């Protein structure tokens, strides 16, 4: 059996995937002014980052937006999925199909139509318009994640709860929600990441009152990147790793 | 005489244009173990779901001890269900599963703990209270499901094929355990199954269902020995069915031509006329397989033999091609007793052990159609 071929192949794939990230992390501790040469270890870019008030504000804005967009879309998405799963109603298939349309349509189309809509109703571009836009593109992902979980759900569980004296509301709270909890969590995380690094839609629907991180970084590219972006990237990486481990930990705990 | 606990009147249920229950009437007595028996699609599960309140009848009423339950939602009915696949809450421990119903009643914590411990001890699971359902075997999950349902002390326990997911040996153990529980608790059990052996061995009364109608309601013995119609006869146990024709009648016996012989049989419960066709029913264990040299019975030959441990089951082909099932117990005097294939024998039965049924409407229509053609 030749095993060197798949091994080499896999190694190459992982190098391609992770070298840029490793470079970014290493260079965030680089003392030199440029990204090309090594000037020894230093935390100066982290210091510079935290002194850059515009950047820090953009980061907090982005985190707050991602948090709220993920939470709102998880709430609406979970209820939508439950409705689609439990009830038969007119327009159910249309609703289901429309979710996929939102997911499949090019981001630029969504961005233009949302901008047109916001201008039409006279909505000030800022946090609210960003939130509405982000909830729109996160929603289908949450619905589909929760629906997938519900499709394998034992239909006699809600009946058992009702049979034992639970009202519909209490049954939903004590049986249905715990059963779809992993999907809610996954959907929330998906929404959070999608919102955090969205550029295209955000470019169109954000205003000067509420600057978010991806747009801030993008605007910096034009005047030349400073190594403090590396520091920022490293911080975001650590943050996502912590989030990922947290969610895994919750999932494992809930299974036990 | 026991009093009626649950009364079903003119209960009908349709799914689309399919009639599942057709104006069904049934009285369930207080404290009995009653089994709903029938093939799949006979309406037995639907009937159970109507009693539990998961489905609404299109017409008819459900009354429990004088209270009309027809419009009452499931959470307010004083009865509980054991589901086919147990439906244990996967994210809760065994204790929390069993305590769920009591928590819904908002019982004090001490009382919940005490009652759950009690019922877990009853099903011998007191050491498993902290486990999650997926850490239990099938039989243990089954017992949790029963404990969860009986901890609320319901008037009536509904069991939807609760043993169908267990292997044969465990199923036998659980049958015995269920009977014991029912005796100890004094709760009325409504048990759904398609397994006729299970129905006969466990029940006080059996309801045979087909096409949304009650075919027969009676004790296991009645249903087995005196089936009300051809369906019950064929569904419950193995049956030999011979066509016969009434020759003449006396006070408490009639003379019937069956398999070319004239036999004097007990007068059946239905009205007969001379010349009327009837069915003569014989269970395999009622058949006597005799020596081929005798002059009793009908001649035939063994075409199949099945060793069943306690019985020897054989199929005998008569000269006219009719196949007869016979089941004989091993005799102490002749433990090596056996047949070889093709061995000539004669077949008979003891007069009075047969059961007569009239020809049924469908058959008469069939015959008239073929006579017309």
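Modelled spin-label separation between residue B:241 and residue B:22, with each label point placed 7 Å from Cα along the Cα-to-Cβ direction: 1.8 nm. Shape verdict for segment B:171-321, please, from the Cα gyration tensor: rounded (a/c under 1.5), prolate (a/b greater than b/c) or oblate. Here segment B:171-321 falls in the oblate category. Counted over segment B:4-233, the DSSP beta bridges are approximately 55% antiparallel.
Once you have a ≥ b ≥ c as the square roots of the Cα gyration tensor eigenvalues for segment A:1-124, tell me rounded if a/c is under 1.5, and otherwise prolate or oblate according to whether a/b is larger than b/c. Oblate, because a/c is 1.5 or more while a/b does not exceed b/c.
With label points built 7 Å along Cα→Cβ from the Cα atoms of residue A:155 and residue A:242, find their separation and express it in nm. Between residue A:155 and residue A:242, the label points sit 4.5 nm apart.
If you stretched the chain out fully between residue A:56 and residue A:168, how much longer would it get, using 0.36 nm times the residue separation minus the C-alpha to C-alpha distance? Provide the component values of the computation, followed by the final result.
On the way: separation 112, 0.36 × 112 = 40.32 nm, distance 4.60 nm.
So the chain would gain 35.7 nm between residue A:56 and residue A:168.
Shown here are the Rg and Dmax of the Cα trace of chain B, at 25.1, 79 Å. Based on the Cβ-Cβ distance from residue A:200 to residue A:235, what FRET efficiency comes out when R0 is 25 Å, to the nearest 0.05? Computed FRET efficiency for residue A:200 and residue A:235: 0.60.
For the pair residue A:75 and residue B:179, label points projected 7 Å from Cα toward Cβ lie 5.8 nm apart.
Hey, with R₀ at 35 Å, roughly what FRET efficiency would residue A:221 and residue A:249 work out to, going by the Cβ-Cβ distance, to 0.05? Before the final figure, lay out each step's value.
On the way: r = 36 Å, r/R0 = 1.03.
So the FRET efficiency works out to roughly 0.45.
Were the residues from residue B:222 through residue B:167 laid out at 0.36 nm apart, the gain over their Cα-Cα distance would be 16.9 nm.
Residue B:267 to residue B:63: extension gain in nm, 0.36 nm per residue of separation minus the Cα-Cα distance?
Gain on stretching residue B:267 to residue B:63: 69.5 nm.
Treating r as the C-beta distance of residue A:21 and residue B:117 and R0 as 51 Å, the FRET efficiency rounds to 0.40.
Out of the DSSP beta bridges found with both residues in the protein assembly as shown, what percent are antiparallel (nearest 5)? In the protein assembly as shown, approximately 80 percent of DSSP beta bridges are antiparallel ones.
Think of it as helices only: each DSSP H run of n ≥ 4 in chain A is worth -39500 (n - 2.57), and spread over all residues that comes to -25500 deg cm²/dmol at 222 nm. The alpha carbons of the protein assembly as shown stretch over 119, 69, 63 Å along the principal axes, in descending order. Counting only helical runs of four or more DSSP H residues, what would the 222 nm mean residue ellipticity of chain B come to if each run contributes -39,500 (n - 2.57) and the total is spread over all its residues? The helix contribution divided over chain B gives -7500 deg cm²/dmol.
Remark: the Cα gyration tensor places segment B:67-179 in the oblate category, a/c being 1.5 or greater and a/b not exceeding b/c. Ranked for footprinting exposure by Cβ neighbours inside 10 Å, fewest first, A:45, A:38 give A:38, A:45.
Every number in this text was worked out from the coordinates using simple rules, so none of it is lab data. Being a predicted model, the structure only gives us computed values, none of them experimental. Please note: Cβ atoms are built from the backbone with ideal geometry, for glycine as well, and neighbour counts cover all protein chains shown.
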